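To start, the structure itself, in structure tokens.
The values are calculated or read from the model by the stated rules, or taken from the named source; none is laboratory data. Everything numeric in this text was worked out from a predicted model, so none of it was measured. Backbone-built Cβ (ideal geometry, glycine too); neighbour counts: all protein chains shown.
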């Protein structure tokens, strides 16, 4: 056969095959109605597989945060057929207007893509809805999980979930509109680990919304990856007890294991039930909490910045000993002409000065630190002295944000030469301007987390590990590593401080005798921080036992007066419960549990002098 003949045969074959396909397609699409009906009855649906969020456990394996199933009712507008609006509204517990508005919004978004129609329907509610959902083509359910809190404690520490913002969607390609994200606490700090990774599956559904099977055998499906669990140092029982003791009071408790830096309890009061910020009621309840005059959303343990009061005297003593401006035997008379003080015997050495918490003593100590006669000009001499002092104080972790695994911690303030130059001008200040810092007042500020870390430093005799909550991620044995820090003060000076703190609780004349625990040697230091707006704030830091300490703590109770009256007893009860698993002073416990200091604060009338101002 010639080449031209073969070419004509090939062309004829191709034309014949094309003609067969065209006729067959015409028959299927125009003549045979069965295939039209089949195409209308079956469609493909893409379903997002939301992974279970990681769980959060306390140090004993008790669940702090768990998951509970919920369902989102989704809608694909192009699949929606005429339906009874009132019946659907009643089924979902919304108004007919809600149905109309949400469907309009979904159509505006996309006729082909699914949109959320009703979010976070509980399993109990969905049991009734699922029986009737097949009556509404285009509507289907998609499962996900919500948080639940078995112990209902630690709201600020744990955080909550909220719908992701549009800004976050634009910043992070992982998130899509309608996703949830951790806000505050561990939920926010460990969001990438907790959230896992979503998957997707494609199914074939019929006109009645019934799933017929996997699309293409599931070859396009991707598996969701569950979030990683968090294992924490928190003691749930201690946390719950601390929250009970702080009920009807303003303030905070931070308790650490000084050996590891692990946080045992992190209490902020007033607080709220974490279940209030779960599910469809979250937005309403958040608004209620936000308007509450007691500000229960404010995390006092990490964000409230206060004068440290007399607990700062311990830092002053250590820096002065290290600098050599005093010795362990240095004594000063309690000269109230310098700065006010309560009545007590003369502090003949550092240990007694700590025991009595003598203000004039530490006025003199700070004066020696600032005025060391390194320059004949007293203003320049003060600059040199404050620069040295600042370096020591910052080595205690003060003046900077604690490196805790929570997102909202503040850093307090250690005033330095730049601060005072800005306030008073260069050459415009000296010790006489800043002496209130000597007793933990004036411009120095700390947050309760830093106070507890100070207690851990005293317990460890000069070092600390960054405070933290999470000890392992994904598996209890996958331990996290936290940095260890050393102060600029030699270790041997801390034994002197520990003895002084022991005297505070154990010896006559000590300011925290209410903190004694039978059979346990407690080392502590009270503080009373001035409050220009009302009653002074009470502070107490402590550790126990004196040898081989297992717990270090800071308690701050606003508007309650002396540190030994409220803060010390609360700390003592918590330490006893943690160390001995019992409470041997039920009368003290009853008084702490029943006290309503917030009500007392409202009735408090500050003393106003009747003398005419000159």
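So how many residues does the range 409-429 have that are over 23 Å from residue 529 (Cα atoms) and in contact with a helix residue (DSSP H, G or I) (Cβ under 6 Å, 6 or more places away or on another chain)? Reasoning before the result, please.
Filtering the range 409-429 for residues over 23 Å from residue 529 (Cα atoms) gives 417-418, 421-422, 424-429.
Then keep just the ones that are in contact with a helix residue (DSSP H, G or I) (Cβ under 6 Å, 6 or more places away or on another chain); that gives 417, 427, 429.
Within the range 409-429, residues that are over 23 Å from residue 529 (Cα atoms) and in contact with a helix residue (DSSP H, G or I) (Cβ under 6 Å, 6 or more places away or on another chain) number 3.
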**Message:** Between 350, 339, 315, which is in the same structural domain as residue 531 (by TED's automatic domain parsing), more than 36 Å from the chain's Cα centre (by Cα), closer than 22 Å to residue 540 by Cβ and buried (at least 24 other Cβ atoms within 10 Å of the Cβ)?
**Reply:** 350
**Request:** Taking the residues in the range 498-509 that are crowded, with 24+ Cβ neighbours inside 10 Å and in contact with a helix residue (DSSP H, G or I) (Cβ under 6 Å, 6 or more places away or on another chain) as candidates, determine which candidate is nearest to residue 362 (Cα to Cα).
**Result:** 500
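Listed here are the residues, each with its yes/no results for (1) at pLDDT below 95; (2) crowded, with 22+ Cβ neighbours inside 10 Å; (3) assigned by TED's automatic domain parsing to the domain that holds residue 447; (4) in contact with a helix residue (DSSP H, G or I) (Cβ under 7 Å, 6 or more places away or on another chain).
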| site | (1), (2), (3), (4) |
| --- | --- |
| 533 | yes, no, yes, no |
| 539 | yes, yes, yes, yes |
| 549 | no, yes, yes, yes |
| 559 | yes, no, no, yes |
| 574 | no, yes, yes, yes |
| 577 | no, no, yes, yes |
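Got a sec? Which of 96, 137, 77 is in contact (Cβ under 8 Å) with a residue 24 or more places away in the chain, outside the structural domain of residue 304 (by TED's automatic domain parsing) and out of contact with any strand residue (DSSP E or B) (no Cβ under 9 Å at 6 or more places or on another chain)? Steps first, please.
Details: 96 fails: in contact (Cβ under 8 Å) with a residue 24 or more places away in the chain; 77 fails: out of contact with any strand residue (DSSP E or B) (no Cβ under 9 Å at 6 or more places or on another chain).
Exactly one of 96, 137, 77 is in contact (Cβ under 8 Å) with a residue 24 or more places away in the chain, outside the structural domain of residue 304 (by TED's automatic domain parsing) and out of contact with any strand residue (DSSP E or B) (no Cβ under 9 Å at 6 or more places or on another chain), namely 137.
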**Prompt:** In this structure, does residue 563 turn out to be buried (at least 24 other Cβ atoms within 10 Å of the Cβ), outside any strand (DSSP E or B) and either at positive phi or under 27 Å from the mean Cα position of the chain (by Cα) (or both)?
**Reply:** yes
**Item:** Lone qualifier among 512, 508 - being closer than 15 Å to residue 356 by Cβ, without any contact (Cβ under 8 Å) to a residue 60 or more places away in the chain and more than 33 Å from the chain's Cα centre (by Cα)
**Value:** 508
**Request:** At least 3 residues that are surrounded by 21 or more Cβ atoms within 10 Å (Cβ to Cβ) in each: list the strands (runs of 3 or more DSSP E) lying fully within the range 76-163 that qualify.
**Result:** 115-122, 139-148
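Could you say which residue among 528, 582, 521 is more than 26 Å from the chain's Cα centre (by Cα) and either without any contact (Cβ under 8 Å) to a residue 24 or more places away in the chain or not assigned by TED's automatic domain parsing to the domain that holds residue 442 (or both)? Walk me through it before giving the result.
On the way: 528 fails: either without any contact (Cβ under 8 Å) to a residue 24 or more places away in the chain or not assigned by TED's automatic domain parsing to the domain that holds residue 442 (or both); 521 fails: either without any contact (Cβ under 8 Å) to a residue 24 or more places away in the chain or not assigned by TED's automatic domain parsing to the domain that holds residue 442 (or both).
The conditions single out 582.
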**Message:** For the structure I just gave you, tell me whether residue 45 is touching a strand residue (DSSP E or B) at 6+ places or on another chain (Cβ under 6 Å), within 14 Å of residue 138 (Cα to Cα) and at pLDDT below 90.
**Reply:** yes
**Complete:** Given (1) more than 22 Å from residue 537 (Cβ to Cβ); (2) more than 38 Å from the chain's Cα centre (by Cα); (3) assigned to a loop (DSSP other than H, G, I, E, B), residue 344 misses just (1)
**Request:** Could you please let me know if residue 240 is modelled with pLDDT of 95 or more, within 28 Å of residue 145 (Cβ to Cβ), in contact with a strand residue (DSSP E or B) (Cβ under 6 Å, 6 or more places away or on another chain) and not assigned by TED's automatic domain parsing to the domain that holds residue 58?
**Result:** no
**Prompt:** Which condition number does residue 595 fail, the rest of (1) farther than 26 Å from residue 261 by Cα; (2) out of contact with any helix residue (DSSP H, G or I) (no Cβ under 8 Å at 6 or more places or on another chain); (3) without any contact (Cβ under 8 Å) to a residue 40 or more places away in the chain being met?
**Reply:** (3)
**Request:** Check off (1) over 24 Å from residue 395 (Cβ atoms); (2) surrounded by fewer than 18 Cβ atoms within 10 Å (Cβ to Cβ); (3) touching a residue at least 24 places away in the same chain (Cβ under 8 Å) for residue 495 and give me the number that stays unchecked.
**Result:** (1)
**Breaking point among (1) without any contact (Cβ under 8 Å) to a residue 40 or more places away in the chain; (2) over 22 Å from residue 328 (Cα atoms); (3) surrounded by 15 or more Cβ atoms within 10 Å (Cβ to Cβ), for residue 477** = (3)
